[in-house]
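Single-structure report; data block below.
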Amino acid sequence: MKIRFSVALRHAAVAVASVALASQGFALDNVKFMIGANPGGGFDQTGRNLGKAMVEAGVAKSVQYENKGGAGGTIGLAQFANASKGDPNAMIVTGAVMVGAIVQNKPPVTLANATPVARLFYEYNVFVVPANSPLKSMKDVLEMLKKDPGSVKWGGGSRGSVDHISVAMIAKDAGVDPSKINYVPFQGGGEASAAILGGHVTVGTSGYSEMQQFIKSGKMRALAVTSGSKLPGEPVPTLKEQGVNVEIGNWRGVYGAPGITEAQRKALADAVVAASKQKSWTDALASNDWFPAVLTGEEFAKFVDGEHKRIEESMKAVGMVK
Amino acid sequence: MIETWNLLLGGFATAIQPANLMWAFIGCVLGTAIGVLPGIGPALTVAMLLPITAKVDPSGALIMLCGVYYGAAYGGSTTSILMNTPGESSSIMTALEGNTMAKHGRAGPALATAAIGSFIAGTIGVLLLTLFAPLVADFALKFGPAEFFSLMVLAFVTVSSVLGASMVRGLASLSLGLAIGLVGMDAIAGIPRYTGNVPEFIDGIEFVLVAVGLFAVGEALYNVLFEPKTDPGTRNKLSSIWMTRDDWKRSWPAWLRGTAIGFPFGSVPAGGAEIPTFLSYSTERKLSKHPKDFSSEGGKGAIEGVAGPEAANNANAAGALVPLLTLGIPTSATAAILIGAFQNYNIQPGPLLFQTSGPLVWGLIASLYIGNLMLLVLNLPLVGMWARLLTIPKPQLYAGILVFASIGVYGMRQSSFDLFLMYVIGVIGVIMRRFDFPVAPVIVGMILGPMSEKQLRNALSISQGDWLIFFKQPIACTFMVLTILVMFVPMILRKRGVRLSEDD
């Protein structure tokens, strides 16, 4: 029995060695992506596009995806943190939405239970009004807001989303109490666009790529984008150019498993950076209006901490978190 | 108008290319299959098929994905009728009368009226889409939170017709549904309610899960526990497979009314596929000349109660394509993923779509006509085969239902928690059946409750707290007046001595 066991062990050792040999030339073996959302959404697209680019760049032998949606991605995060401890090939897609969900719901497992790897890109929002609105610029909106905060009905995604937080920041910057804003949340960009087109809200906000077609066809007028400088090829002024000191975006990135070594973390970050130079990735960026913003290592960890604080403060200001 | 026909003819030229016909066929078969399986919905299937867009040309892929979308609306009725297991949330109403009919040996006519009704409603829906899409889209945009809430009030009032024989028991079930609907993150304030710190509850409880638990699991367990002693197996009896002349006569108007309710509903943002089926069922129940046939009256199942909601469901699916193609606005989860498919080809559905990708869109619209016909041809011959499934001995049949239900619910998000929850709800379903509480109002409450709360709060936020908004805006006001009429006209008529054919 003993002998047979050791034979089995030796076989296993040989098998491991041959796998190691086979995977030479690949920085990572079979990469496993956890996606904390159902197929089709932004998290899913990010993970699948990145995985594809990693294989094309030759930094990963193969990629597997697991979708586990719910609660802003925190259900997937909990499973990831528990099931992939110390696995150097595991990654999870994260972003501002997940940080928001963590601040809001205080789940037992947070991003502190995983290892920061890299930020990938930003998505920016645009503020729009229906084509027949008398409001011509952000200045007009702010004047209306200062006169009577309740009269400006802001339409956007769910409360606590980047859409909502950006409105709270604008109000605060204009010296209006953020808890007084009249924010009307809709589920999904579609419902929000319909409410803006139908004139049910005064001003709407959503991702630029979602609103672009309405702006181009003249059904909506763009007042401001939330990026630091004008979006390439688009004439829409930024908030800052109109005297509103707010810059906010919806970022996405990846985290690694808890308990991996510093070298393993660097290997993951290097692989992601290599993938971000692939054509399939840059094409995905262009077609989704994602703006590359790669950030790795300790700087990324610090960035996420900062985001956590910023989102928490905004949620406190509008009375969502105590 | 002539121009539209020319464009449509061009579309048919695209759609009847052999490759595109093949894609339409694959889509229809796949859609029917996933429609039959509870839990696995069209949204998930279309999402899983998205990678195909990298390999197939845009016309072929989009024709196939739309086939899946359409096919699912057809297939959802099958398990509702045969096993009292709604395959999709929009076929819950179908289960009420359809399954009663099946239990009395009339599964064939129930399946046939569902298939033919789906074909007629789908075809009329696509015709309306072809001719009036831009007009319908402009009208649909007038629906804001105030209009939706007024509509919900109308739905709540008319829903009394699904409450069953005892008003008190019906209202108790409805309240249970409203309570379950409260679980999860509140859609407006973003604050978790009644989640008991269970992360799985934060997004609320999926109503397909509750429907499958209450209907399928509850039904199967109840029969295992109680039925054999009392019921000597009427279920396995099959009288006739085809619709009688009387069935046709009763189905026709129901199909048309269902279409008239379903299509506009599909085109309004945030409408959802379930509410038109509720409204259609209520309408048929109120207008029927055979009120004693309805299951809540202890009847043998009323065919119009299957024909109406199924037509509404399919017309709704066609209606949902109006805002999708003309505005780029998805009104359902599946539509949202379909937009993703368009975007994978760098095509943006929306106001510019007909100009930028005309041939593709017209090909797609033409393929919808073809797909509808395919689904009818595919489904009618299956009626006999499906109906014969009921001759399977009960132990095997119920075991099969439980297996199907488990696979479907687990498949929604690969969660063992969901599976456990489904069986807990199944046990509740057994208890409700044992004490004669109807189960359909639970689902109705679960769907209407959170939606009306959300729309009410948004409407009041928009009006800055003015409750009169529901009477100041013309469309909202129309619904409110209609609600008042529905409530009081029967009462006044009765007082004046006019007898209605059916009194609630």
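Brief remarks on what is shown
- Close contacts from the stretch A:146-157, counting a first residue that is under 15 Å from A:MET220 (Cβ atoms) and a second that is crowded, with 22+ Cβ neighbours inside 10 Å and small (Gly, Ala, Ser), with Cβ to Cβ under 8 Å and a gap of 6+ residues or different chains, come to A:TRP154/A:GLY204; A:GLY155/A:ALA192; A:GLY155/A:ALA195; A:GLY155/A:GLY204; A:GLY156/A:ALA192; A:GLY156/A:GLY204; A:GLY156/A:SER206.
- Qualifying residue in the stretch B:391-402 (condition: within 14 Å of chain A (Cβ to nearest Cβ) and of a type in the set (A, V, I, L, M)): no
- Within the stretch B:345-366, if we keep just the residues that are among the aliphatic types (A, V, I, L, M) and crowded, with 20+ Cβ neighbours inside 10 Å, the residue that is nearest to B:PRO330 (Cα to Cα) turns out to be B:LEU353.
- Matching residues, the stretch A:29-43, being crowded, with 23+ Cβ neighbours inside 10 Å and either at pLDDT below 80 or outside any loop (DSSP other than H, G, I, E, B) (or both): A:VAL31, A:PHE33, A:MET34, A:ILE35, A:ALA37, A:PRO39, A:GLY40, A:PHE43
- Pairing residues of the stretch B:488-504 that are farther than 13 Å from B:THR158 by Cα with residues that are at pLDDT 75 or above and not in a loop (DSSP other than H, G, I, E, B), at Cβ distances under 7 Å and at least 6 apart in sequence or on separate chains, gives B:LEU500/B:LEU493; B:SER501/B:PRO291; B:GLU502/B:PRO291.
- Summed over the stretch B:327-343, the residues that are within 8 Å of chain A (Cβ to nearest Cβ) and not in a helix (DSSP H, G or I) give a count of 4.
- Output for the stretch B:97-149, where each listed residue is within 14 Å of chain A (Cβ to nearest Cβ) and either in a helix (DSSP H, G or I) or under 14 Å from B:ALA254 (Cα atoms) (or both): B:PRO134, B:VAL136, B:ALA137, B:ASP138, B:PHE139, B:ALA140, B:PRO145, B:ALA146, B:GLU147, B:PHE148, B:PHE149
- In the stretch B:344-369, the qualifying residues are those that are in a helix (DSSP H, G or I) and of a type in the set (Ser, Thr, Tyr), and the one that is modelled with the lowest pLDDT is B:THR356.
- Restricted to the stretch A:126-235, the set of strands (runs of 3 or more DSSP E) holding at least 1 residues that are over 27 Å from B:GLN355 (Cα atoms) and at pLDDT below 90 comprises A:153-156, A:182-185.
- Taking the criterion of being polar (S, T, N, Q), surrounded by fewer than 21 Cβ atoms within 10 Å (Cβ to Cβ) and under 29 Å from B:VAL489 (Cβ atoms), the residues of the stretch B:119-160 that qualify are B:THR158, B:SER160.
Matching residues to (1) of a type in the set (Ser, Thr, Tyr); (2) surrounded by fewer than 22 Cβ atoms within 10 Å (Cβ to Cβ); (3) outside the structural domain of A:SER229 (by TED's automatic domain parsing):
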residue: A:THR94; (1), (2), (3): yes, no, yes
residue: A:GLN104; (1), (2), (3): no, no, yes
residue: A:PRO108; (1), (2), (3): no, yes, yes
residue: A:VAL117; (1), (2), (3): no, no, yes
residue: A:VAL128; (1), (2), (3): no, no, no
residue: A:LYS146; (1), (2), (3): no, yes, no
residue: A:GLY160; (1), (2), (3): no, no, no
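- Among the residues of the stretch B:190-205, those identified as assigned to a loop (DSSP other than H, G, I, E, B), facing chain A (nearest Cβ under 8 Å) and crowded, with 16+ Cβ neighbours inside 10 Å are B:GLY190, B:ILE202, B:ASP203.
- Residue count for the stretch A:167-187, restricted to those that are small (Gly, Ala, Ser), within 12 Å of A:ILE311 (Cα to Cα) and surrounded by fewer than 24 Cβ atoms within 10 Å (Cβ to Cβ): 0
- Residue match in the stretch A:53-60 (condition: within 26 Å of A:SER179 (Cβ to Cβ), of a type in the set (Val, Ile, Thr) and not in a helix (DSSP H, G or I)): no
- Residue in the stretch B:54-67 that is part of a helix (DSSP H, G or I), in contact (Cβ under 8 Å) with a residue 12 or more places away in the chain, over 27 Å from the mean Cα position of the chain (by Cα) and surrounded by fewer than 18 Cβ atoms within 10 Å (Cβ to Cβ) present: yes
- Looking across the stretch A:158-178, the residues that are more than 13 Å from chain B (Cβ to nearest Cβ), in contact (Cβ under 8 Å) with a residue 40 or more places away in the chain and of a type in the set (D, E, K, R) come down to A:LYS172, A:ASP173.
- A:THR282 meets each of the listed conditions (1) closer than 30 Å to B:TYR345 by Cβ; (2) in contact (Cβ under 8 Å) with a residue 24 or more places away in the chain apart from (2).
- Scope the stretch A:188-209; condition surrounded by 21 or more Cβ atoms within 10 Å (Cβ to Cβ) and more than 8 Å from chain B (Cβ to nearest Cβ); matching residues: A:GLY189, A:ALA192, A:ILE196, A:THR202, A:VAL203, A:GLY204, A:THR205, A:SER206, A:GLY207, A:TYR208
- Qualifying residue in the stretch B:394-408 (condition: under 30 Å from B:ILE124 (Cα atoms) and either touching a residue at least 24 places away in the same chain (Cβ under 8 Å) or aromatic (Phe, Trp, Tyr) (or both)): no
- Among the candidates B:ALA317, B:ALA341, the residue that is within 26 Å of B:SER77 (Cβ to Cβ), at pLDDT 80 or above and crowded, with 24+ Cβ neighbours inside 10 Å is uniquely B:ALA317.
- Positions within the stretch B:415-450 being of a type in the set (Gly, Ala, Ser), under 19 Å from B:SER89 (Cβ atoms) and either in a helix (DSSP H, G or I) or out of contact with any Gly (no Cβ under 9 Å at 6 or more places or on another chain) (or both), in sequence order: B:GLY426, B:GLY429, B:ALA440, B:GLY445, B:GLY449
- Screening the stretch B:239-292 for residues that are farther than 24 Å from B:ALA318 by Cβ and among the acidic types (Asp, Glu) and picking the one that is surrounded by the fewest Cβ atoms within 10 Å (Cβ to Cβ) gives B:ASP246.
- Answer residue from the stretch A:86-119, given it is among the charged types (D, E, K, R) and over 14 Å from the mean Cα position of the chain (by Cα) and is farthest from A:GLY42 (Cα to Cα) among those: A:ASP87
- Candidates in the stretch B:44-60 are the residues that are away from every other protein chain (no Cβ under 12 Å) and modelled with pLDDT of 80 or more; of these, the one that is nearest to B:ILE347 (Cα to Cα) is B:PRO58.
- Within the stretch B:1-36, tally of residues that are surrounded by 22 or more Cβ atoms within 10 Å (Cβ to Cβ) and farther than 11 Å from B:GLY60 by Cα: 7
The values are calculated or read from the model by the stated rules, or taken from the named source; none is laboratory data. Note that the coordinates shown come from a computational prediction; the quantities given were computed from them, not determined experimentally. For neighbour counting, all protein chains shown are included, and Cβ atoms are generated from backbone atoms with ideal geometry for every residue, glycine included.
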